[in-house]
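As C-alpha cells, the structure follows; a few thoughts come after it.
Bear in mind that the values in this text are calculations on the coordinates, not laboratory data. The structure displayed is predicted, hence computed values, not measured ones. Please note: Cβ atoms are built from the backbone with ideal geometry, for glycine as well, and neighbour counts cover all protein chains shown.
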Amino acid sequence: MPSNVAQMGDENPIKTWYNGLPPITRIWWTLAFLFANLVYFGTLDVRYLIWDQHAVFSKFQIWRIFTSFCFIGTWGQQGFGTLISLYLLQQYGKSLENNCPNTGGGGTVADYLVLIIFCMAVHILITVFVAARFIMGTSLMFTTLYIWCKMNYEVEVKLWGFPMKAAVFPFALMGLHLATGADVWSDLYGLAVGHCYYFLQEVYPTMYGKDIIHTPNFVISFCHRLKIGGGYVNPSAPAAASRGVPPPGRVRPPTGGGYNWGGSGRSLGSS
C-alpha cells in the first residue's frame, strides 16, 4: 500500500479536529475543557475563576476578567450541560471566527477578537450595573451563537433532529433550557449582548451611515505578527468608507456559509 495512504489511515481524527479550530476558538475551548476537569477533580477551586468585582478592582485579580468567561461548567450532575456547551462553543465559535463580520480587519481573526472583547465588556457592564453574575462563559457562548444565527438566518440547523431555520434556533434552544430547568437567564443575557453587537455592527451603520465598531490597527498588526487568522489588512490603507458605500474588500459573510447542527446530517440527540 502506498505510504501516503497509510499515513492518512494513521491520522488522529481528534488531533485533526483540534488543529482545525481557529486560534481564538481553540484557546477558549481548551481553557473551558481544562477548567471543567480541574474543578471536577478538586485541583482548582472554582471561586478563583468566577467574577468578583471587589477582587478585580481592589485586589487587582485581573485574571478573573477572563476566567469568568472561560468557565462554562464542570462534570458530575451538570456534566451533560457542560458537554453541550463545549460542543456549541467549538461549533459556532469556529464558524463565526471563520466568517466574522468585517469591522476593518477583512473579516479575519482580528475582527473576531474585537467582537469577543466588545461582548465581554458589555457582559461585565451588565453584571456590574444590572444583575450580579459570577460565571459568564455560557452567556458569552450564547452570544456568539446568536450572532452567527443572525448572520446566517436562512441556514437550516437541527435541534434534537428537528430541522429549523437558524433565525429561530436561539429561541428554540432557550425553550429547551427552560423546559429542562437550565439557566435560561444566562441565555437571555447572551442574546441581549449579541443583539447589541449585531445592532451596532449591522443595523446602525445601515440606518445612519456610520460605523460604530472598528478593529484598531494595532490589533490587526498584533494578529499579523503572531501569524494567526490570515488575511492581513495593511493598517496604512485608506480608512473604510461609510456602510452606504462599502469599500473594496469589505464583503459581508455569505448567508449560506454555515454549519448544520453536528454537520454531515448528524443532529444533536441522534445516536
Segment 180-189 - phi-based ³J(HN,Hα) in whole Hz, Karplus 6.51/-1.76/1.60, Gly and Pro as x: 9, x, 6, 7, 6, 5, 4, 5, 5, 5
Sequence of S186, S139 once ranked by neighbouring C-beta atoms within 10 Å, starting from the fewest: S186, S139
Rg ratio (alpha-carbon, reference 2.2 N^0.38 Å) - segment 28-107: 1.30
Listed residues M174, Y112, I50: farthest to the positive end of the dipole of segment 13-225 (Cβ charges): I50
Residue order, fewest to most beta carbons within 10 Å, for L38, L115, L178: L178, L38, L115
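Could you grab the relative contact order for segment 13-225? Cα pairs under 8 Å, six or more apart, rounded to a whole percent.
So the answer I get is 19 percent.
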Longest to shortest principal axis, alpha-carbon extents of segment 13-225, angstrom: 51, 47, 40
Estimated inter-spin distance, Q77 and A179, nm [label 7 Å along Cα→Cβ]: 2.3
Under the Karplus curve 6.51 cos²θ - 1.76 cosθ + 1.60, θ = phi - 60°, whole-Hz ³J(HN,Hα) for segment 39-54, x wherever Gly or Pro sits: 5, 5, 8, x, 6, 9, 7, 4, 5, 8, 9, 6, 6, 9, 4, 5
